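What follows is calculated from the coordinates using simple rules that are stated; it is not laboratory data. Remember, it's a predicted structure, so these values are computed and weren't measured experimentally. Methodologically, a virtual Cβ is constructed for each residue, glycine included, from the backbone with ideal geometry; neighbour enumeration extends over all protein chains shown.
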């Protein structure tokens with residue numbers, strides 16, 4: 001997960017509140033790093049920076065390795081002693097991929113392909129059968145919101 005992809009996904013209505021909170025606390029780069037490393041996981045955060053016991057120190061080092069000490073401090077301040085919920089964003093990625101397929105379908109049609117030809121080409125490209133592509137292109141486009149801006153991060 002790149003920060004750019006995470007920012008793009010943040011525009012979709014299915015972008016979860018847990019991801020919004022993670023971006024707010026860890027920043028777009030830190031959130032992207034955590035989602036890449038621990039997608040869909042609940043992780044027990046240490047109670048304080050550095051950890052208060054051996055287990056907490058080990059968890060602290062894991063977090064620092066992924067996001068760096070500054071971001072790790074912000075995360076521990078936010079949820080120290082609790083569970084850090086790292087979303088996997090599967091549903092949002094699915095929604096985005098469907099938007100990409102619809103966009104590419106429209107471009108192929110404008111470029112002179114017939115509908116069956118466009119469906120065939122997209123099926124090959126995305127490893128989906130023709131019926132799946134047809135279902136995707138019949139769906140309406142998603143109303144997107146504004147991407148997360150720098151003002152939303154902290």
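Cut-off 10 angstrom, C-alpha nodes, Gaussian network model of the chain. Which of 116, 39, 16 fluctuates the most? Of 116, 39, 16, the Gaussian network model singles out 116 as fluctuating most.
In plain terms, the bigger the Kirkwood radius, the slower the diffusion; for the stretch 1-145, with that radius from Cα pairs, at 10 °C and 1.306 mPa s, Stokes-Einstein puts D at 92 µm²/s. Dividing the summed -39500 (n - 2.57) terms of all DSSP H runs of n ≥ 4 by the residue count of the chain sets its mean residue ellipticity at 222 nm at -20000 deg cm²/dmol. Arranged from fewest to most other beta-carbon atoms within 10 Å of their beta carbon, 6, 63 become 6, 63.
Under the criterion of Cα pairs below 8 Å and six or more residues apart, the relative contact order for the stretch 3-88 equals 38 percent. Mean-square fluctuations from a GNM of the chain, with a 10 angstrom spring cutoff on Cα atoms, peak among 50, 112, 123 at 112. Mean-square fluctuations from a GNM of the chain, with a 10 angstrom spring cutoff on Cα atoms, peak among 23, 86, 64 at 64.
With viscosity set to 0.692 mPa s at 37 °C, what whole-number translational diffusion coefficient in µm²/s follows for the stretch 63-148 from Stokes-Einstein and a Kirkwood radius over Cα pairs?
The estimated diffusion coefficient comes to 205 µm²/s.
Dimensions of the stretch 91-138 along the principal axes, based on C-alpha atoms and rounded to the nearest Å, stand at 32, 19, 18, largest first. With contacts taken as Cα pairs under 8 Å and at least 6 residues apart, the chain reaches a relative contact order of 32 percent.
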